[in-house]
Amino acid sequence: MSKNPPRPGLSRQQAALVALVAAQRIAQVDDAKLVAFASAQTALDGVTKAQLRDATMLAQEIAEARDGFDTLLDMLAAALGDALAAAAYMLAADFIAQNGRVSPEEMRFLKRLGDALGIDRLTRAAFDSAAQARATSFEAQDNG
């Protein structure tokens, strides 16, 4: 993890949105999928497209800076704390899982996110399995 201290000022909701934006960038999916996913999440009730756009700009600005990804992870951990770390991780895992097969880059992202948020390996494995199960379509299984 980075030695840089986290910057103050990120709300819990902003942190969850920035984590989702980071997952979106790594998953290389378009903004429409992110908007649709965020709109369907109870944890993100009331989030506007403008807030998602702001989170996208913030994530991009931080990621482009020196040690940007480490700084981003530090900021997420500081803003979320223990109480909401699991919820933010699960949102990112669910978003990645909904897009099909999870790539090695996406797995590395989830590992680093989980480490930064203080989520142990076994708990992450359970969350990841649950995300994959929620993303599985019974219809696709019947047709395949």
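For this structure, a couple of remarks:
- Members of the stretch 25-49 found to be under 20 Å from ALA79 (Cα atoms) and assigned to a helix (DSSP H, G or I), listed by number: ALA38, THR42, ALA43, LEU44
- Considering only residues in the stretch 62-77 that are in a helix (DSSP H, G or I) and among the aliphatic types (A, V, I, L, M), the one that is surrounded by the fewest Cβ atoms within 10 Å (Cβ to Cβ) turns out to be ALA63.
- Some residue of the stretch 93-101 being surrounded by 12 or more Cβ atoms within 10 Å (Cβ to Cβ), modelled with pLDDT of 95 or more, under 20 Å from SER39 (Cα atoms) and of a type in the set (Gly, Ala, Ser): yes
- Residue check, ALA32 more than 15 Å from the chain's Cα centre (by Cα), surrounded by fewer than 16 Cβ atoms within 10 Å (Cβ to Cβ) and modelled with pLDDT of 90 or more: yes
- Scope the stretch 104-137; condition in contact (Cβ under 8 Å) with a residue 60 or more places away in the chain and either in contact with a Leu (Cβ under 6 Å, 6 or more places away or on another chain) or of a type in the set (Gly, Ala, Ser) (or both); matching residues: ALA116
- Some residue of the stretch 2-11 being part of a helix (DSSP H, G or I), at negative phi and not aliphatic (A, V, I, L, M): no
- In the stretch 35-61, residue surrounded by the most Cβ atoms within 10 Å (Cβ to Cβ) [restricted to those that are of a type in the set (A, V, I, L, M, F, W, C) and without any contact (Cβ under 8 Å) to a residue 24 or more places away in the chain]: ALA38
- Residue check for LEU80: part of a helix (DSSP H, G or I), in contact (Cβ under 8 Å) with a residue 60 or more places away in the chain and either at positive phi or hydrophobic (A, V, I, L, M, F, W, C) (or both): yes
The values are calculated or read from the model by the stated rules, or taken from the named source; none is laboratory data. Values in this document were obtained by computation on a predicted structure and should not be read as measured data. With ideal geometry, Cβ positions are generated from the backbone for all residues, glycine too; neighbour counts draw on all protein chains shown.
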